[in-house]
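These notes concern the structure reproduced below.
The values are calculated or read from the model by the stated rules, or taken from the named source; none is laboratory data. What you are looking at is a predicted structure, and each value in this text was computed from that prediction instead of being measured. When we count neighbours, we look across all protein chains shown, and the Cβ atoms used for this are built from the backbone with ideal geometry, even at glycine. Ligands, DNA and RNA are stripped out before the accessible areas are found, and what is left, the full protein with its side chains, is counted by its heavy atoms. Shrake-Rupley method; radii C 1.70, N 1.55, O 1.52, S 1.80 Å.
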Amino acid sequence: MNVLLIGESREGKIQDSTYELVAFAQALGAEATMFLAGSAEQLPAWNGTLHLLETPAGREFQPDAHADAIAAIVDQLKPQMVVFSHSSSGWDLAPRVAFRLGAGQISEVMEVAEDGYIVPACNAKLRRTVQATTELTVLTLQAGAFNPQAEPAGTPDVRKVDAVGQGKMEFVGYEAAEATGVDLSRAEIIVSAGRGIGKAENVEMVQALAQALGGELGASRPVVDAGWVDHSRQVGNTGQTVTPKLYVACGISGAIQHLAGMKNSDYVVAINTDKDAPIGEVADVLVVADVKQFVPALTEALRR
Ligand SMILES: Cc1cc2nc3c(=O)[nH]c(=O)nc-3n(C[C@H](O)[C@H](O)[C@H](O)COP(=O)(O)OP(=O)(O)OC[C@H]3O[C@@H](n4cnc5c(N)ncnc54)[C@H](O)[C@@H]3O)c2cc1C
């Protein structure tokens, strides 16, 4: 199978999501070619053929013009699949490309099933398996769903491509939101507080365990909604997607929206009074205990 991956560069920097596309192609055992609108000075660390549309830093998102350029490459290479990240540019560009090429589009793929692709449905309360009926399929991949198995490495074989047209609109620029809180996506250890901690005062207890482990504090949505922890620390569908080496879930049930944000953690420890809590399905270790007793005791033992 041949796939065309649509890499992403933002303000001259290759986005990590580009390597998730590579991991997806590897998981399928597919032959991959990449398209990138970006700079010849900043190329992805990857061995393969890269169709490069040279674009000044900060001007990488010209969806109309880039959709035309991608459609021209698809015409030439005839891949079976065009794969985007489900990012702010990917979810804008993918439908434009699918429409131009008459392809079926499947958004926010979380997993590959034997009979199609698994995507979230009904605000991620359900999962659906879908398949395209067209020869060409356009996909977007959920952030964090396909993680690279190794550090990205390599040098692409670059083929420069020309812009096909001007497009009907022009992207003017990015404006970064005011940075608040913490980037949990880079944390190696996260200890998260769930509703099971009972009250705001108990966040401190979870924070102390995070500190003893040298990690960051995370939280489930009810804890954030209650104002006990800042939203920048929320893990899940409407929070951050995290892939730490160790994720400790304190009083978290394991709702699908929370799992979507942490299920790719290397090792999961869950502390819950309910031995049948759904978090047990993704936990490597489930400690059946009251967080208010177990967490301070563990923190104390770690400190000693
Ligand atoms: C559109 C949408 C988006 C959402 N996005 C997110 C998201 O990004 N992140 C997110 O987390 N949620 C999200 N949710 C909410 C999600 O559906 C769940 O409601 C939420 O994850 C539950 O949080 P929780 O596990 O902390 O609480 P609960 O589901 O109430 O679970 C509490 C757990 O604590 C255990 N417990 C109780 N007391 C103790 C104790 N003393 N010691 C140990 N364990 C105890 C219980 O057994 C239970 O398992 C979203 C929902 C929707 C509809």
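In a DSSP loop and with at most 15 other Cβ atoms within 10 Å, the trypsin sites (Lys or Arg not before Pro) in the range 104-178 are LYS125, LYS168. Expressed as a whole percent, the accessible surface of the chain that belongs to carbon and sulfur atoms is 47, based on a 1.4 Å probe. In vacuo Debye scattering of the range 2-161, one point per C-alpha: log10 I(q)/I(0) at q = 0.08, 0.10, 0.11, 0.15 Å⁻¹? So the normalised log intensities are -0.20, -0.32, -0.39, -0.74. The residues packed around GLY167, meaning those with a beta-carbon under 15 Å from its beta-carbon, carry a net charge of -2 if Lys and Arg are +1 and Asp and Glu are -1. Across every pair of non-identical alpha carbons in the range 1-94, the mean reciprocal distance, once inverted, gives a Kirkwood radius of 13.1 Å. Each residue of the range 140-150 is assigned a 3J(HN,Hα), and the resulting list reads 10, 10, 4, 4, x, 6, 10, 8, x, 7, 9 Hz, derived from the Karplus form 6.51 cos²θ - 1.76 cosθ + 1.60 (θ = phi - 60°), x at Gly and Pro.
Accessible area per residue (1.4 Å probe, heavy atoms of protein chains only) ranks VAL269, VAL223 as VAL269, VAL223, with the largest value leading. The H on the amide N of LYS13, modeled in the peptide plane, is under 5 Å from the matching H of no residue at least 5 residues off or on a different chain. A probe of 1.4 angstrom, applied to the heavy atoms of all protein chains, finds LEU43 with accessible area near 60 square angstrom. Remark: the range 275-281, residue by residue, has Karplus-estimated 3J(HN,Hα) of 5, 9, 4, x, 4, x, 5 Hz, where x stands for each Gly or Pro and the curve is 6.51 cos²θ - 1.76 cosθ + 1.60 at θ = phi - 60°. Ligands, DNA and RNA are left out, and with a 1.4 angstrom probe the accessible area of the range 2-161 is 46 Å² per residue. The figure for LYS13 is an accessible area of roughly 110 square angstrom, using a 1.4 Å probe on the protein chains alone.
Between the amide H of THR49 and those of MET34, ASP157, distances stay under 5 Å, these residues lying 5 or more places away or on another chain, with hydrogens modeled in the peptide plane. For the range 189-303, just say rounded, prolate or oblate: build the C-alpha gyration tensor, square-root its eigenvalues into a ≥ b ≥ c, call rounded for a/c under 1.5, and beyond that prolate if a/b exceeds b/c, oblate if not. Since a/c stays below 1.5, the shape of the range 189-303 is classed as rounded. The heavy atoms of THR33 present about 30 square angstrom of accessible area, all protein chains included, probe 1.4 Å. Overall shape of the range 131-212 was characterised from the C-alpha gyration tensor. The equivalent ellipsoid obtained from it has semi-axes of 42, 20, 18 Å, in decreasing order. Distant-in-sequence amide contacts of TYR267, defined by a placed amide H-H separation under 5 Å and a gap of 5 or more residues or a different chain, comprise LEU246, TYR247. Per residue, the average separation of C-alpha pairs within less than 8 Å and at least 6 apart gives the chain a relative contact order of 15 percent. By the Kirkwood approach, averaging reciprocal distances over each pair of separate Cα atoms, the chain gets a hydrodynamic radius of 20.8 Å.
Computed over protein heavy atoms with a 1.4 angstrom probe, the accessible surface ordering of GLU8, GLU175, GLU188, largest first, is GLU175, GLU188, GLU8.
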